[in-house]
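Worksheet for the structure shown next.
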Amino acid sequence: MKNPAGNNRIAAFNSPSRTSSKLLLYLIFLLSFTYFIYSLKLLSSSRPCSDLQSFSASSSATATAIHSLLNLTADDAISLPPPLQTLPTTNQTEIQHVVFGIAASAKLWKQRKEYIKLWFKPEEMRGTVWLDRKVKTDEDSNDLPPIRISGDTSKFAYKNKQGHRSAIRISRIVSETFRLGLKDVRWFVMGDDDTVFVTENLVRVLRKYDHTQFHYIGSLSESHLQNIYFSYSMAYGGGGFAISYPLAKALVKMQDRCIQRYPGLYGSDDRMQACMAELGVPLSKELGFHQYDVYGNLFGLLAAHPIAPFVSLHHLDIVEPIFPNVTRLQALQRLAIPMKLDSAGLMQQSICYHKSNAWTISVSWGFAVQIFRGILSPREVEMPARTFLNWYRRADYKAYAFNTRPVSRNPCQKAFVFYLSNAAAQMNSTTGQTVSKYTRHRVAQPACKWKSPSPGRIDIVKVVKKADPKLWDRSPRRNCCRVMKSKEKKTMMVEVGICREGEISEV
């Protein structure tokens, strides 16, 4: 059945639809024409590039899309800066951005100040020695940081029966140093009066961190029991630790209240860590800060230093001199020579082999060289030998917070040790190459029945090494060493440096 009314409704509906379609077509045409004109303009303003064909179609499409999104022309693209990692560093941390706070005791000041003279340079560095009372000012005061007396801490409770309340005074040194109001400070570094810093390496470590953020940087004790009794999250102040300026600013506002909450803690370091915990800042561990909570001979630790910048030594009055037959001070003065020549490479271990003699050679640059009969794996040689005793005077290998190896009982595997000599090291100013001399430590060697040649025929080891101040700008890797031919009798020549392509420590 026909329905005229229905047909009229359909016609009424179709009429505006045709009008809408026409408008849509006009709109599409207008957009297409605009795009066409824009494309012609873009092509006419672009310069031809001869190497476009070397790119894949997908790469070209991606580049075009990025340029379109950023509204860049070809000329603009050419002027883009290089990737971030290739940009020169223009505002990096330097030693003048660091302020040292040195905890000292008036009772020991006369002897301890000699350690500070070894590393602190008043013309280059800033810092303050904080004492418990006044001391006599000597003529050498110009070679030392300025001396101040710590503030009164009698209002603070101290309830630890085994410790001493001077811990409260020492824990406030960072805050007291901050209140001095020094300008252009990025880091506050805490140390003791028997701590020696390798300041160039300290700066290298600090450059890894953003000084505008909260950072608490240091390391643990060598003693596993010490870390258990105190904290594995605590930086030991004798080995030194660093606090960024913003964190020091936050600490100043709350530290006195924080100290009141922990009267039962033993020392200054655990009080500092307690306040860091309240601020929510964890310890950033750096292996080069050395507390040296050990007794005896540090040789095993120094000869197998971890692959990290050597930043500090502590407890110098407790351990034996690091070089034999000299005083502690004389030993450190000898170490200062390679420290100046190549601080980045100081104490870094290299392991190689003398194939024809079947010897294993370990070089701790700037300190000592060891020659072992036989072939020892790098995995074994890089472990510190137990030449030292634990802080609790136990010969227990489980008492350390790292792996150690026993000193060999096999008389044929006892190391022949060559220490850095008084002649020390020289540098060729043209090539930057250093030649350091190590003389054999003459002690009785046990009789050996092996038929292999004895390292006892060697009196001197000379190590050739190019200074490498950028060592720690690369990924951490142990340097390689190579035995060289020597024209001198009873002398071994060893070259140390960056590993070549494919070079590893193998026989």
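The values are calculated or read from the model by the stated rules, or taken from the named source; none is laboratory data. Not measured: the values here are computed from a predicted model. When we count neighbours, we look across all protein chains shown, and the Cβ atoms used for this are built from the backbone with ideal geometry, even at glycine. Side chains are part of the model used for accessible areas, which takes the heavy atoms of the whole protein and leaves out ligands, DNA and RNA. Shrake-Rupley method; radii C 1.70, N 1.55, O 1.52, S 1.80 Å.
Annotation: aspartates and glutamates with alpha-carbon distance below 20 angstrom to residue 414 (same-chain offsets under eight excluded): 380, 382, 459. From most to least packed by mean Cβ count within 10 Å, the peptides 344-353, 297-306 give 344-353, 297-306.
For segment 251-391, the carbon plus sulfur part of the accessible surface works out to 53%, probe radius 1.4 Å.
The phi torsions of segment 438-451, fed into the Karplus equation with coefficients 6.51, -1.76 and 1.60 and a -60° offset, translate into couplings of 10, 9, 5, 7, 7, 10, 5, 9, x, 5, 10, 9, 5, 7 Hz, rounded to whole numbers, with Gly and Pro shown as x. Here the Karplus curve 6.51 cos²θ - 1.76 cosθ + 1.60, taken at θ = phi - 60°, turns the phi angles of segment 347-358 into couplings of 6, 6, 8, 10, 10, 8, 9, 9, 5, 5, 8, 6 Hz, with x standing for Gly and Pro. Projected label points at residue 180 and residue 325, each 7 Å from Cα along the beta carbon direction, are separated by 4.2 nanometres. Each peptide among 95-106, 222-233 gets the average number of other Cβ atoms lying within 10 Å of its residues, and from highest to lowest they stand as 95-106, 222-233. Accessible area per residue was computed with a 1.4 Å probe on protein heavy atoms; residue 472 scores about 50 Å². Computed over neighbours whose Cβ is under 12 Å from that of residue 446, the net charge equals +4, Lys and Arg +1, Asp and Glu -1.
Hey, got a sec? Which GluC sites (Glu not before Pro) in segment 110-157 land in a DSSP loop and have at most 11 other Cβ atoms within 10 Å? Passing sites in segment 110-157 are 123, 124. Pull out a ≥ b ≥ c, the square roots of the eigenvalues of the alpha-carbon gyration tensor of segment 322-363, then state rounded if a/c is under 1.5, prolate if not and a/b is larger than b/c, and oblate in the remaining case. Here segment 322-363 falls in the oblate category. Each Lys or Arg adds one and each Asp or Glu subtracts one; over the other residues with Cβ under 11 Å from the Cβ of residue 157, this totals +4. With 27 Å as the limit, write out which pairs from 107/398; 159/208; 355/449; 107/183; 107/155 have Cα-Cα distances beyond it, or answer none. Exceeds cut-off: 107/398; 159/208; 107/183. Based on C-alpha pairs under 8 angstrom that are at least 6 apart in sequence, segment 205-248 has a relative contact order of 53 percent. Across segment 94-111, coupling constants 3J(HN,Hα) worked out from phi with the 6.51/-1.76/1.60 Karplus curve, θ = phi - 60°, read 10, 5, 6, 8, 9, 10, 8, x, 10, 7, 9, 10, 4, 5, 9, 4, 4, 8 Hz, and Gly and Pro carry x. Shape call for segment 381-481 from the C-alpha gyration tensor, a ≥ b ≥ c root eigenvalues: rounded (a/c under 1.5), prolate (a/b greater than b/c) or oblate? It comes out oblate by the Cα gyration axes.
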